[in-house]
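The structure appears right after this line, and notes come after that.
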Amino acid sequence: MDRTWIPEHIALDKPNPARMYDYFLGGAHNFEVDRRAAERAIAIYPAFPLMMRVNRAFLRRAVRFLVAQGIDQFLDLGSGIPTVGNVHEIAQATNPAVRVLYADLDPIAVAHSAALLRDNPRAAVIQADIRQPETTLQRAREQDLLDFDRPIAILLAFVMHFVTEDDVADRIIATLRSVMAPGSFMVVSQSTGDGPSQEKHTSLIRLYENSTSPVVSRHPAYVARWLAGLQLVEPGIVRTPLWRPESPQDLYVDHPERASSCAAIAGVPAGAAV
Ligand SMILES: C[S@@+](CC[C@H](N)C(=O)[O-])C[C@H]1O[C@@H](n2cnc3c(N)ncnc32)[C@H](O)[C@@H]1O
């Protein structure tokens, strides 16, 4: 087994949501402790892995949309363990000049991303905790990859629900918004928790409380507050499968509530003062 993606001194006493997510998506960068927890989540809510696939599909659509808008730099926060269809692969397939900086808290996500990006001069990864947004941004600037004076897309896909304290989450969004130049976009997808029954949702929240990162669900109205004052891209804040699906056959377009999440893209108007 290739073990180069496993950093030394990795804690294996608790399941890790980044590695559970990898398991849900069919990846191989996870351990027994993660697989057991992931299987328990599936036993509670069998649609759980499909929720993750719906999110990944949204991320792909979002990146393609943004590249079509002329965005050529991405800051992907809570980027995860690389899997099929990473942001730089999707974006650079259309515009090879696109630059992507990934950031994640998890050492395996960072180590594996670094190995994958070794030969890509326009993509890099940093280890950062978005709960410290100023430090995260400072590390991002130190990479000299992104130009914050120009339009940028900040991606927050399925990561804000790991920031359980509302005041910390609000401060992250405010700090990130404060550095977005006119013409920039913010992308958010967030668990809403309304797919499973209340009882099952509570069981899932409990399961993640025993992982390295607990989670919190938020109502779409909460996400609307984060994006207030920005220009919401049509169709606005919607259940994730309904954000510009590519076909009526896309996963859960017929049952969008089962994805148990919402998604949105919002832009800083081109003439706005930062
Ligand atoms: C569910 S995965 C989402 C990955 C990717 N953004 C996507 O949408 O496919 C969540 C990722 O957020 C990371 N994460 C959780 N809390 C974080 C934090 N405070 N700072 C940075 N990354 C964090 C986890 O390590 C994990 O890799």
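Report the convex hull volume per residue for region 141-186, counting only C-alpha atoms, in Å³.
Enclosed volume per residue, from the Cα hull, is 86 Å³.
Would you mind calculating the gained length between residue 39 and residue 94 on full extension (0.36 nm times residue separation, minus the Cα-Cα distance), in nm to one decimal?
16.1 nm
For region 12-62, just run the numbers: alpha carbon Rg, then divide by 2.2 N^0.38 Å, N being how many residues it has.
The value comes to 1.14.
List the residues, sorted by chain then number, that are 5 or more residues from residue 10 or on another chain and whose placed amide H is less than 5 Å from its amide H.
When sequence neighbours closer than 5 places are left aside, there are no close amide H contacts.
For region 48-126, what class follows from the C-alpha gyration tensor (a ≥ b ≥ c being the square roots of its eigenvalues): rounded when a/c is under 1.5, otherwise prolate if a/b is larger than b/c, else oblate?
oblate
Suppose we keep just the alpha-carbon trace of the chain; what are its Rg and Dmax in angstrom?
Expressed in Å, the Cα Rg and Dmax of the chain come to 17.6, 53.
On average, how much area does the Cα convex hull of region 121-223 cover when viewed from any direction, in nm²?
7.7 nm²
Given H placed 1.01 Å from N in the peptide plane, which residues other than close sequence neighbours of residue 215 have an amide H under 5 Å from its amide H?
209
In whole angstrom, and with the biggest value first, how far do the Cα coordinates of region 105-179 range along each principal axis?
Between the extreme Cα coordinates on each principal axis of region 105-179 lie 39, 30, 19 Å.
Could you give the length gained by full extension between residue 174 and residue 234, i.e. 0.36 nm per residue of separation minus their alpha carbon distance, to one decimal place?
So the chain would gain 19.4 nm between residue 174 and residue 234.
Charges at C-beta only: +1 for Lys and Arg, -1 for Asp and Glu. How large is the resulting dipole of the chain about its Cα centre, in Debye rounded to 20? Mind dumping the intermediate values first?
Values: 27 positive and 31 negative charges, 73 e Å.
So the magnitude is around 360 debye.
Starting from the 7 Å offset along Cα-to-Cβ, what nm value, one decimal, do you get for the label separation of residue 84 and residue 12?
With each label placed 7 Å out from Cα toward Cβ, I get 2.8 nm.
When a/c reaches 1.5 or more, the comparison of a/b and b/c decides; with that in mind, is region 54-180 rounded, prolate or oblate per its Cα gyration tensor?
Note, shape of region 54-180 comes out rounded.
So for 84, 67, what's the accessible-area order with a 1.4 Å probe, most first?
84, 67
When the chain is fully extended, how far beyond the present Cα-Cα distance does residue 138 get from residue 199, taking 0.36 nm per residue of separation?
17.8 nm
Provide 36, 239, 61 ordered by accessible surface of protein heavy atoms (probe 1.4 Å), highest first.
Highest to lowest solvent-accessible surface, that is 36, 239, 61.
Label region 219-270 by shape, choosing from rounded, prolate and oblate, from the square roots a ≥ b ≥ c of the eigenvalues of the Cα gyration tensor; if a/c is under 1.5 it is rounded, and otherwise prolate applies when a/b is larger than b/c, oblate when it is not.
oblate
State, in angstrom, two size descriptors of region 168-274 derived from its alpha carbons: Rg to one decimal place and Dmax to the nearest whole number.
15.7, 47
Calculate, for residue 114 and residue 247, the FRET efficiency according to 1/(1 + (r/R0)^6) with r their C-beta to C-beta distance and R0 22 Å; round to the nearest 0.05.
Result of the calculation: an efficiency of 0.05.
Can you pull the percent of the chain's accessible area that's carbon plus sulfur, 1.4 Å probe, other chains left in place?
Using a 1.4 Å probe with all protein chains present, the chain comes out at 51 percent carbon and sulfur.
Please calculate how many Å² of accessible area region 35-194 carries per residue, with a 1.4 Å probe and no DNA, RNA or ligand atoms counted. If you can, show how the numbers build up before the last one.
Details: 6210 Å² over 160 residues.
I get 39 Å² per residue for this part.
The values are calculated or read from the model by the stated rules, or taken from the named source; none is laboratory data. Everything quoted here is computed from the prediction, not taken from an experiment. Ideal geometry is used to build each Cβ from the backbone, glycine not excepted, and the neighbour counts take in all protein chains shown. When the accessible area is computed, the model is the full protein with side chains, heavy atoms only, and any ligands, DNA or RNA have been set aside. Shrake-Rupley method; radii C 1.70, N 1.55, O 1.52, S 1.80 Å.
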